[in-house]
Amino acid sequence: MTTDREHNAGSSRRVMLQGALSAGVLASSGALNGIFTPASAAEPVIDANTMNRQWVLASHAEDAISEKNFAFREQPLGDKASLKEGELLVRNIVFTPLPSQRIRMHADTGLGDAYMAPMKLNQPIGGSGVGRVVKSSNPKFPVGALVASGNWEDYTVVRPNSFVSAPIAAGISAVDYASVYGMNTQTAYYGMMRIGQVKAGETVIVSGASGSVGSTAIQIAKINGARVIGIAGGKEKCAKLIRDYGIDAAIDYKSENITARVKELAPKGVDIYFDNVGGPIMQDVVDQMAKFGRVVLCGTISSYDNKNPAPGPRNMLRMVVYSVKLQGMLYTDFMAERDTIVAELRKWKESGQLKHKTDIRKGFKNLPETFMALFSGDKDGTLLLKNDGEA
């Protein structure tokens, strides 16, 4: 498939355990063009006969995620076009693929249904993003308002709740809300500021540092005066971290010995480790935590394709002796602070202290491929997909 990207850095155009932790199989490009009906740029009259394109979970992904786990279908809105009091019908315009979605694609997440219930087969993939209200039975949400949404379908019925408590504030575009002020950046803020409690002069290491959460976390640490080390895959990514974000050093996990490099760069130990990947990288860093160190457990993306639980630190006695705090987080943990966090992010963004890269792709047909790019590393910044008809 041809993927249309826009790479935006520092531009205003520009959610588990990650972030918090919120029929018809994909085939060749030619086959896809035959089964998709592109959405019109001008919204038609929406009624029970309006067709709703959807990507559904065709099978649970117990091993590596692949095209066979997704299926496309198109069906009329039917009863969805008739809203109950308080409901909204939104057209999903921007989708934000998140690693936490991958966890829910297992038949059993091992986490309990209350926190991370498996997705149901043959139902639209649950996700994150932004939708535009096209029908409303709620006076607080007029037609045209932007709201948090993101299921993998053209149209979704939304009932305002703690996730969708108000329309997106004026002055924030759908792309900005899904990226620079979105779940990933809010997660980075909460993890670094509230759990990590970063202080000037401390040594901070962030794994997955070139990703959406990681690249924000390293900047927040620098803004607060910390000495920052990023871990990423490849010399080019590591060079970009230093050049684009001004961090102090970077470790290439593909070619360097992490244990040796951490000892070299943090001889007095690591005060904060912001973990996005889990696995051996986590072990290499937590073995070298400083006294009263803090480990922010944000994600374990290295194990999401494995149905076995991610392993924890082997040497728990070190955690005891060094008084190290390990704490995980879900997006719901800090939703009450969402407005405060977004306000702080906006301040840093508008002052030029916070930069953000957005990798924007287009076309509803490309949703599965775009989602899988999260795990292949074929992305640069926050990964978004614009629905058809969106400029």
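The values are calculated or read from the model by the stated rules, or taken from the named source; none is laboratory data. From a predicted model like this one, the values you see are computed outputs, not experimental measurements. Cβ coordinates were reconstructed from backbone atoms using ideal geometry, including for glycine residues, and neighbour counts include every protein chain displayed.
Considering each residue of segment 191-202, count those that are surrounded by fewer than 23 Cβ atoms within 10 Å (Cβ to Cβ) and either of a type outside the set (Lys, Arg) or outside any loop (DSSP other than H, G, I, E, B) (or both), and give that number.
To start, the set of residues in segment 191-202 that are surrounded by fewer than 23 Cβ atoms within 10 Å (Cβ to Cβ) comprises 193-195, 197, 199-202.
Restricting the remaining residues to those that are either of a type outside the set (Lys, Arg) or outside any loop (DSSP other than H, G, I, E, B) (or both) gives 193-195, 197, 200-202.
Here the count works out to 7.
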Report summary line: Taking segment 219-234 and keeping only residues that are touching a helix residue (DSSP H, G or I) at 6+ places or on another chain (Cβ under 6 Å), among the β-branched types (Val, Ile, Thr) and assigned to a helix (DSSP H, G or I), one is left with 220
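Here are 156, 216: which of them is assigned to a helix (DSSP H, G or I) and either surrounded by 19 or more Cβ atoms within 10 Å (Cβ to Cβ) or on the phi > 0 side of the Ramachandran plot (or both)?
Numbers: 156 fails: assigned to a helix (DSSP H, G or I).
From the options 156, 216, the qualifying one is 216.
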Report task. Answer yes or no: is there a residue in segment 266-288 that is over 20 Å from the mean Cα position of the chain (by Cα), among the hydroxyl-bearing types (Ser, Thr, Tyr), in the same structural domain as residue 202 (by TED's automatic domain parsing) and surrounded by 14 or more Cβ atoms within 10 Å (Cβ to Cβ). Result -> no
Report task. Keeping to segment 328-345, report how many residues are surrounded by 19 or more Cβ atoms within 10 Å (Cβ to Cβ) and more than 20 Å from residue 294 (Cβ to Cβ). Result -> 2
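Table: residues versus (1) at pLDDT 95 or above; (2) outside the structural domain of residue 119 (by TED's automatic domain parsing); (3) within 15 Å of the chain's Cα centre (by Cα).
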site: 161; (1), (2), (3): no, no, no
site: 196; (1), (2), (3): yes, yes, no
site: 201; (1), (2), (3): yes, yes, no
site: 204; (1), (2), (3): yes, yes, no
site: 208; (1), (2), (3): no, yes, yes
site: 221; (1), (2), (3): yes, yes, no
site: 233; (1), (2), (3): no, yes, no
Report summary line: Taking segment 343-373 and keeping residues closer than 18 Å to residue 236 by Cα and either in contact with a Pro (Cβ under 6 Å, 6 or more places away or on another chain) or among the β-branched types (Val, Ile, Thr) (or both) leaves 358
Report task. Counting only residues that are closer than 30 Å to residue 170 by Cα and modelled with pLDDT under 95, give me the strands (runs of 3 or more DSSP E) lying completely in segment 294-391 with at least 2 of them. Result -> 357-362, 382-386
Report task. Would you check if there is a residue in segment 24-34 being under 28 Å from residue 167 (Cβ atoms), in the same structural domain as residue 370 (by TED's automatic domain parsing) and either buried (at least 20 other Cβ atoms within 10 Å of the Cβ) or modelled with pLDDT of 90 or more (or both)? Result -> no
Report task. Could you please find all residues in segment 350-368 being crowded, with 19+ Cβ neighbours inside 10 Å, farther than 21 Å from residue 91 by Cβ and either hydrophobic (A, V, I, L, M, F, W, C) or out of contact with any Gly (no Cβ under 9 Å at 6 or more places or on another chain) (or both)? Result -> 354
Query raised in the report: residue 261: at pLDDT 95 or above, crowded, with 18+ Cβ neighbours inside 10 Å, over 27 Å from the mean Cα position of the chain (by Cα) and not in a loop (DSSP other than H, G, I, E, B), yes or no?
Result: yes
